[in-house]
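Report on the following structure.
Since every read-out is calculated from the coordinates, none of them should be taken as a lab result. All figures in this text were calculated on a predicted structure; none of them were measured in a lab. Here the Cβ is made from the backbone with ideal geometry for all residues, glycine too, and neighbour counts use every protein chain on show.
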DNA sequence: CTGAAAGCGCTTACAG
DNA sequence: CTGAAAGCGCTTACAG
């Protein structure tokens, strides 16, 4: 077929104007039933559907939202995206879904491309590499609505969907302490990722409050790479005075830690108790099963898009941007539960 | 800010025509350097970027490809998508990424929306539920290029990126037989998923060729749900004559089988040897480590988009659509290796 | 080197 | 109930 069929083709064939075809296609009440039926019949026959680019251009609306996440292969992000998607469909919006693979460069081009008229707003969780937020500030300046979830930029004042990372880490650390750990290490993410830093401060607070020593050598930073988690764990357990508890910033890293500990024949939880974050399905599958802090990912996704659509549909609202903080839940499993303390 | 800045705003402010602004923005050689610089300077100052909807509309090109997969939370799909993405970026194309959540309805609306001028072609892996292929045939009729990977529609003759599922399953089954299994069950996917059926026939062929009985009660069908895998495994091991080998259509299901077997205190691989498909990272993490058939996901993604771009850029080519079949590799791990047969 | 005009495929006052 | 015209924000022959 030479070209896609357009409204003009239909109009010519039916000997009516394009305006009438346009109205008939959208079932506008003023169109005579006969005319409408003829248009619809031919449209069906010719597989005609209005070109969205044209429609969006004239309406200056796309009803589309850009979603930018670090990596869809992370269970956490895939799961939040599912929540975003459900609500988007329910409210008649479409999603333009992109991942940055944790690269600043990708984040930049994704934001720029999508902001060229393609989307009405953004939901973003920033990449590990991102330290320059100019591309996001530009959105603000242009008046394009933006919502952060999980990984945000402190200096950008927009609605955010977060969990109480400090409190969650505090609770997780306390849990290890209650189960008899005294020398607790923290396996952190990259030091520029806010989420990791917040969890670290919750950990530190819990240690202090329990009168336990804070040993700087017990806080180690990695990215979200399995092999690096293994290496860092090995380093920790080659210390003269190795830890007897481990708070890990994510399940992904905790699994690395478990693999390393198994190889070293260090028993979990007897020799070292572990708790981590995200409660991915793998927590119930790995041996020993892994204690982890669950986040309400689906609800977080729904909230993120709700806040965004609010901005889109009430642009004049002068309210201070809301920061929604969701409750977490510590799921206790074998890796931290010591039967005999 | 009231509205996004357009080419007209720049033209008016600089007292030149929109045509000149348009040319300057694209660095066309005929524009005087002075003029160009003035335009670029103001564009930068005002954060102007050409509206993509308008550009695409007039060019009748979007340089964008629709990617429709069942679920991005499946490691296999996320990984193929990464391959697609790399190559897309390298060739100057963008991706419109959507997931169907295995729902036919979503697949339908995704295909329809994107085909309204938004993309120049599709890469699709069909959902579990899909049995009606009309929406995809429509793409063909409209001359919109289409490439399948992994899960295809038999009756639609377009380029496909597959692995030799029959051969891979044959090899996997033979491997179990060589390790002493005689009564081997097959934990299949939904009976309308081609990939599952192909693997099943490879399994059956290997059984026959080895002179082993094919017992219909040992072939059970599930979807890709963990709990169902557990249930099906339990059913298999409540048979009077339970299996001593298990070929599982995917790692996701195999993990369910392992969980069920652990609970029943059935030893792996001593009592039952297991091999599955996809070689997800979890295979090296679960206890025992899981033997699995690896597919070159990244290369498959690159091939899929290469075939698609070929179609887009050489629409007149009359070649018969290619079906690229990639080699798999059986990764042998603890779940199938019996030291003493 | 630059501009006026036509056009991409639609929608929407306005008129009749 | 329908059509002609203008316009969404661009690009591109064509003319000068």
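Some observations on this one:
- Shortest first, residue B:239 label-point distances to identical copies amount to 5.3 nm, with the label point at 7 Å from Cα along Cα→Cβ.
- Ellipticity at 222 nm from helices only: DSSP H runs of n ≥ 4 in the protein assembly as shown, each -39500 (n - 2.57), divided by the residue count, give -13000 deg cm²/dmol.
- Contact order relative to length of chain A, as percent, for alpha carbon pairs under 8 angstrom and 6 or more apart: 17
- Placing a label point 7 Å from Cα along the Cα-to-Cβ axis, residue B:18 is separated from the same position in the other copies by 1.5 nm, shortest listed first.
- Look at where the Cα atoms of segment B:245-320 and of segment A:36-106 average out, and the two centres are 29 Å apart.
- Prolate/oblate/rounded label for segment A:60-100 (Cα gyration tensor, a/c 1.5): oblate
- For the pair residue B:47 and residue B:164, the difference between a 0.36 nm per residue extended length and the Cα-Cα distance amounts to 37.0 nm.
- Taking all Cα-Cα distances within the protein assembly as shown, those exceeding 42 Å account for 35%.
- Taking segment A:287-307 and a reference point 7 angstrom along Cα→Cβ of residue A:317, the backbone N atoms nearer than 19 Å belong to A:299-307.
- 7 Å along Cα→Cβ, label-point gaps from residue B:103 to other copies, nm, shortest first: 3.3
- Prolate/oblate/rounded label for segment B:72-125 (Cα gyration tensor, a/c 1.5): oblate
- In nm, spacing of pseudo-spin labels at residue B:326 and residue B:32 (7 Å Cα→C-beta vector): 5.5
- Among B:25, B:303, B:207, the largest mean-square fluctuation in a Gaussian network model of chain B (Cα springs under 10 Å) belongs to B:25.
- Each principal axis of the Cα atoms in segment B:165-294 has its own extent, and those three values, largest first, are 33, 29, 25 angstrom.
- Residues of segment A:282-299 with an amide N closer than 12 Å to a point placed 7 Å from the Cα of residue A:339 along the Cα-to-Cβ direction: none.
- Within 10 Å of the Cβ of each residue in A:90-100, the mean number of Cβ atoms contributed by other protein chains is 3.
- Result for chain B in a Gaussian network model with C-alpha springs under 10 Å: among B:204, B:87, B:316, the largest mean-square fluctuation is at B:316.
- For segment B:280-321, the spread of Cα coordinates along the three principal axes comes to 53, 16, 8 Å, biggest extent given first.
- log₁₀ of I(q)/I(0) at q = 0.09, 0.10, 0.16, 0.22 Å⁻¹ - segment B:1-139, Debye sum with one point per alpha carbon: -0.43, -0.51, -0.87, -1.23
- Interatomic Cα distance distribution for segment B:7-50, bins of 10 angstrom, percent: 33, 63, 4
- Relative contact order of segment A:165-295, defined on C-alpha pairs under 8 angstrom at six or more residues apart (%): 26
- If you sort the three axes of the alpha carbon gyration tensor as a ≥ b ≥ c, you get a/c of 1.5 or more for chain B and a/b above b/c, which makes it prolate.
- Mean shadow area of segment A:230-310 over all directions, Cα convex hull, nm²: 6.1
- R0 of 51 Å, Cβ-Cβ distance residue A:212-residue B:103: FRET efficiency to nearest 0.05: 0.50
- Once the C-beta distance of residue A:89 and residue B:16 is scaled by a Förster radius of 45 Å, the resulting FRET efficiency is 0.50 to the nearest 0.05.
- Candidates A:68, A:274, A:230, ranked by Gaussian network fluctuation over chain A, Cα under 10 Å, top entry: A:230
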